[in-house]
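Undergrad: Please find one structure pasted underneath; my questions will follow.
The values are calculated or read from the model by the stated rules, or taken from the named source; none is laboratory data. All values derive from a computational prediction rather than experimental measurement. Every residue, glycine as well, gets a Cβ built from its backbone with ideal geometry; the counts of neighbours run over all protein chains shown.
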Amino acid sequence: MENNDQNTGWSLLGVKPAVDLANSWIQGDIEVYVESYRARFEWPPEYPRRFNVADENTPWEVAYPAYAPEYFVAPVVLDNDCLKKADGWADPEDVSQVADLPTESFEGPLLRDEEGRPLNPRGRCGMTGRGLLGKWGPNYAADPIITRVNERFGDVEMLAIQRKDNGQWAIPGGMVDKGEAVSSTLSRELKEETGVELDFSDAKLVYQGFVDDRRSTDNAWIESTVKHLHLVGEQAEKLELEAGSDALSVNWLPLTERSLKKLYASHGYFVVSALGMLYKRQPDALPAKFLEVLASYF
Ligand code: RP5
């Protein structure tokens, strides 16, 4: 007999265990956690080498007397100290001078070290200081995910930028400016990086929390609000794309197992989550063959 489960739409898949896993995850039975991997094993070229932290030594609760990470704050961060420069976007280097140092983030209450510096909720990263990040503690970002189905090829695509800093494809997200509402950041970043103007009032919330970004340190990291808009029909066709100053290029990126896994930071996970949520709300919004791609992410 043919292996076709008409009711679920998983019939073309031939990778049952992964599909079962994906299905359970889409139904909300499995919680996926964004772990720190890039935050421990990757870093931008201007960073010193990270201290190598094994999985079991990552949590702050685990005593690790041999831990001796380097302290690093990039010169561009020191040059943008808001107490020294009128339009500076960075906190002062002396953490005790930060007026509104957060005590909690999307990840919950924050620990501090003996100097009063906030501690990364995912544990040790192999480097102290702020690296390239301006804020002590959480540095808030916003990530607008825009997807569509390419009717010609039957692919699911996302509006993606190629980042200037490392050439990786990414969601066109960015940092939330001081006093800015996240909904404004989503549309501002999308416009600045892709030339596209969209209203996010109906966008679906996908995720709020830690991003596994290679700029992370023990004392500074990125947390993002991720929202999703899935475009259909003319709305998806008529957008005119223009790469902004932070992007090498902008394009509709076909989503495959490989392209999703190669996205910047935790962006692959965010996009898979957004599309899993869409599938749960509206199973016919995605071509059946795309479910294989979602399943392959696990
Ligand atoms: C990622 O870095 C976030 O998910 C967001 O996409 C991005 C913000 O940093 P910039 O693009 O402004 O460098 O961690």
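Undergrad: Working carefully through the options Ala86, Ala160, Ala74, find the one that is hydrophobic (A, V, I, L, M, F, W, C), within 27 Å of Glu189 (Cα to Cα) and under 21 Å from the mean Cα position of the chain (by Cα).
TA: Ala160
Undergrad: Kindly establish whether Ala220 is under 26 Å from Asn80 (Cβ atoms), buried (at least 23 other Cβ atoms within 10 Å of the Cβ) and of a type in the set (Gly, Ala, Ser). Before the answer, list the steps.
TA: Numbers: under 26 Å from Asn80 (Cβ atoms): yes; buried (at least 23 other Cβ atoms within 10 Å of the Cβ): yes; of a type in the set (Gly, Ala, Ser): yes.
When the stated conditions are applied, Ala220 passes them.
Undergrad: Let me ask something else about it. If I filter the range 199-227 down to residues being at pLDDT 95 or above, assigned to a loop (DSSP other than H, G, I, E, B) and touching a strand residue (DSSP E or B) at 6+ places or on another chain (Cβ under 8 Å), which single residue comes out as farthest from Arg124 (Cα to Cα)?
TA: My answer is Ala203.
Undergrad: Another question about this same structure. Which residue pairs have Cβ atoms under 6 Å apart, sit 6 or more places apart or on different chains, and have a first residue in the range 68-81 that is under 16 Å from Asn219 (Cβ atoms) and a second that is of a type in the set (D, E, K, R) and in a strand (DSSP E or B)?
TA: Sorted first by the residue in the range 68-81, then by its partner, the pairs are Val73/Arg130; Val77/Arg130.
Undergrad: Any residue at all in the range 180-191 that's part of a loop (DSSP other than H, G, I, E, B) and not hydroxyl-bearing (Ser, Thr, Tyr)?
TA: Yes, there is a match, as at least one residue in the range 180-191 is part of a loop (DSSP other than H, G, I, E, B) and not hydroxyl-bearing (Ser, Thr, Tyr).
Undergrad: Can you find a residue that is part of a loop (DSSP other than H, G, I, E, B), of a type outside the set (S, T, N, Q), in contact (Cβ under 8 Å) with a residue 40 or more places away in the chain and buried (at least 17 other Cβ atoms within 10 Å of the Cβ) anywhere in the range 96-116?
TA: Initially, the range 96-116 is screened for residues part of a loop (DSSP other than H, G, I, E, B), giving 98-103, 106-107, 110-111, 113-116.
Filter once more, keeping what is of a type outside the set (S, T, N, Q): 98-102, 106-107, 110-111, 113-116.
Checking which are in contact (Cβ under 8 Å) with a residue 40 or more places away in the chain leaves us with 106-107, 111, 113.
Add one more test, that the residue is buried (at least 17 other Cβ atoms within 10 Å of the Cβ), and what stays is none.
Checking the range 96-116: not a single residue is part of a loop (DSSP other than H, G, I, E, B), of a type outside the set (S, T, N, Q), in contact (Cβ under 8 Å) with a residue 40 or more places away in the chain and buried (at least 17 other Cβ atoms within 10 Å of the Cβ).
Undergrad: List the pairs whose first member sits in the range 280-298 and is more than 16 Å from Ser24 (Cα to Cα), whose second member is part of a loop (DSSP other than H, G, I, E, B) and at pLDDT 85 or above, and whose Cβ atoms are under 6 Å apart, counting only residues at least 6 apart or on separate chains?
TA: Pro287/Gly154
Let's see how each residue does on (1) near the ligand (Cβ under 10 Å from one of its atoms); (2) touching a Gly at 6+ places or on another chain (Cβ under 7 Å):
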site	(1), (2)
Leu159	no, no
Val176	yes, no
Ala181	no, no
Leu231	no, no
Glu240	no, yes
Leu253	no, no
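Undergrad: Which condition from (1) within 11 Å of the ligand (Cβ to nearest atom); (2) buried (at least 16 other Cβ atoms within 10 Å of the Cβ) is the one that Ser187 breaks?
TA: (1) is the only condition that Ser187 fails.
Undergrad: Of Asp202, Asp212, Asp155, which residue is among the acidic types (Asp, Glu), more than 15 Å from the ligand (Cβ to nearest atom) and closer than 19 Å to Leu260 by Cα? It would help to see each step written out before you state the result.
TA: Details: Asp202 fails: closer than 19 Å to Leu260 by Cα; Asp212 fails: more than 15 Å from the ligand (Cβ to nearest atom).
Of Asp202, Asp212, Asp155, the one residue that is among the acidic types (Asp, Glu), more than 15 Å from the ligand (Cβ to nearest atom) and closer than 19 Å to Leu260 by Cα is Asp155.
Undergrad: Can you find even one residue in the range 149-161 that is farther than 19 Å from Ser273 by Cβ, assigned to a loop (DSSP other than H, G, I, E, B) and hydrophobic (A, V, I, L, M, F, W, C)?
TA: yes
Undergrad: Criterion first (among the small types (Gly, Ala, Ser), surrounded by fewer than 21 Cβ atoms within 10 Å (Cβ to Cβ) and in contact (Cβ under 8 Å) with a residue 24 or more places away in the chain) does Ser273 satisfy it? Talk me through it step by step, then tell me what you get.
TA: Values: among the small types (Gly, Ala, Ser): yes; surrounded by fewer than 21 Cβ atoms within 10 Å (Cβ to Cβ): no; in contact (Cβ under 8 Å) with a residue 24 or more places away in the chain: yes.
It is false that Ser273 is among the small types (Gly, Ala, Ser), surrounded by fewer than 21 Cβ atoms within 10 Å (Cβ to Cβ) and in contact (Cβ under 8 Å) with a residue 24 or more places away in the chain.
Undergrad: Quick one: in the range 215-229, which of the residues that are among the polar types (S, T, N, Q) and in contact with a Phe, Trp or Tyr (Cβ under 8 Å, 6 or more places away or on another chain) is farthest from the ligand (Cβ to nearest atom)? Steps first, answer last, please.
TA: Just the residues of the range 215-229 that are among the polar types (S, T, N, Q), to begin with: 216-217, 219, 224-225.
Of the ones still in play, those that are also in contact with a Phe, Trp or Tyr (Cβ under 8 Å, 6 or more places away or on another chain) are 217, 219, 224-225.
Values: Thr217: 13, Asn219: 16, Ser224: 4, Thr225: 10 Å.
Looking at the filtered set, the residue picked out is Asn219.
Undergrad: Pull out all pairs, ordered by first then second residue, where Cβ-Cβ is under 6 Å, the residues are six or more apart or on different chains, the first lies in the range 199-225 and is closer than 17 Å to Val272 by Cβ, and the second is within 11 Å of the ligand (Cβ to nearest atom) and among the β-branched types (Val, Ile, Thr).
TA: Between residues of the range 199-225 that are closer than 17 Å to Val272 by Cβ and residues that are within 11 Å of the ligand (Cβ to nearest atom) and among the β-branched types (Val, Ile, Thr), the close pairs are Val206/Val226; Tyr207/Val226; Gln208/Thr225; Phe210/Val34; Val211/Ile222; Asp212/Val34; Ser224/Val211.
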